[in-house]
Amino acid sequence: QVQLVESGGGLVQPGGSLRLSCAASGSILSIYAMGWYRQAPGKQRELVARIITGGSTRYVDSVRGRFTISRDNAKNTVYLQMNSLKPEDTAVYSCNGRSTSRDYWGQGTQVTVSS
């Protein structure tokens, strides 16, 4: 089993920044990819960013250049640095860990971008 705990969400003005953290514990050696998903009200959940074991990253087009996913292996933590935030970034952001057998999810953290 893998446990994922997110932190760092909140309310921010347009143009502002937030950093989300996802701390992993448990059988983390089984995880080959970590990612951040988001779901806004009335919309489908979408992959925002992903980082795989080798360090390659992937971003949805709407956040490329503004968001950066990174990891600290010593702390078993993945981060999502979000800059130049826009109102359309408002959503519940969830951390995802993927193994060969299943996906693991955190509890989600709310990000609200509003003036």
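The values are calculated or read from the model by the stated rules, or taken from the named source; none is laboratory data. Small disclaimer: the values here were computed from a predicted structure and weren't measured. Using ideal geometry, Cβ is built from the backbone for each residue, glycine included, and neighbour counts are taken over all protein chains shown.
Of the residues in the range 1-42, how many are modelled with pLDDT of 95 or more, outside any strand (DSSP E or B) and either out of contact with any strand residue (DSSP E or B) (no Cβ under 6 Å at 6 or more places or on another chain) or within 21 Å of residue 61 (Cβ to Cβ) (or both)?
Here the count works out to 6.
Going through the range 21-39 one residue at a time, which ones are among the small types (Gly, Ala, Ser), surrounded by 14 or more Cβ atoms within 10 Å (Cβ to Cβ) and without any contact (Cβ under 8 Å) to a residue 60 or more places away in the chain?
Those that are among the small types (Gly, Ala, Ser), surrounded by 14 or more Cβ atoms within 10 Å (Cβ to Cβ) and without any contact (Cβ under 8 Å) to a residue 60 or more places away in the chain: 21, 23, 26.
The rows are residues; the columns are (1) under 18 Å from residue 113 (Cα atoms); (2) among the small types (Gly, Ala, Ser); (3) crowded, with 16+ Cβ neighbours inside 10 Å; (4) under 11 Å from the mean Cα position of the chain (by Cα).
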{"residue": "41", "(1), (2), (3), (4)": "yes, no, no, no"}
{"residue": "50", "(1), (2), (3), (4)": "no, no, yes, yes"}
{"residue": "54", "(1), (2), (3), (4)": "no, yes, no, no"}
{"residue": "58", "(1), (2), (3), (4)": "no, no, no, no"}
{"residue": "72", "(1), (2), (3), (4)": "no, no, no, no"}
{"residue": "79", "(1), (2), (3), (4)": "no, no, yes, yes"}
{"residue": "90", "(1), (2), (3), (4)": "yes, no, yes, no"}
{"residue": "102", "(1), (2), (3), (4)": "no, no, no, no"}
